[in-house]
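To keep things clear, I will list the structure first and then write my remarks on it.
Computed from the coordinates by the stated procedures, all read-outs in this text should not be read as laboratory data. Every value quoted in this text rests on a predicted model; they were computed, and no experiment measured them. Cβ coordinates were reconstructed from backbone atoms using ideal geometry, including for glycine residues, and neighbour counts include every protein chain displayed.
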Amino acid sequence: MATTLDDRQLADIQERVRECLKIADDYRHAIGDEDSILLMQNLRSIATALDIQLPERHIDLPGPASNEA
């Protein structure tokens, strides 16, 4: 189901998604488990759908706690 948002609603949602991205990115870099990577991928998909520009740091690579390289 599609919903039309006014500019204020869209700006509010975009800001909240940015906050979530910052928190999830910090968590992913600290923990680096599979769940944190999946969370970042999902948030990136949401950000893309909302036309949010992502900083360079928001990439889906394992964090330092991961054994993956």
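Treating only the Cβ of Lys, Arg, Asp and Glu as charged (+1, +1, -1, -1), what charge dipole size does segment 10-49 show about its Cα centre? Round to the nearest 20 debye.
140 debye
For segment 10-49, rounded, prolate or oblate, judged on the Cα gyration tensor with a ≥ b ≥ c (square roots of eigenvalues), a/c < 1.5 rounded, else prolate if a/b > b/c?
oblate
Which order results if Met40, Met1 are arranged by neighbouring Cβ count within 10 Å, fewest first? Don't jump to the answer; show the numbers that get you there.
On the way: Met40 22, Met1 2.
By the 10 Å Cβ count, ascending: Met1, Met40.
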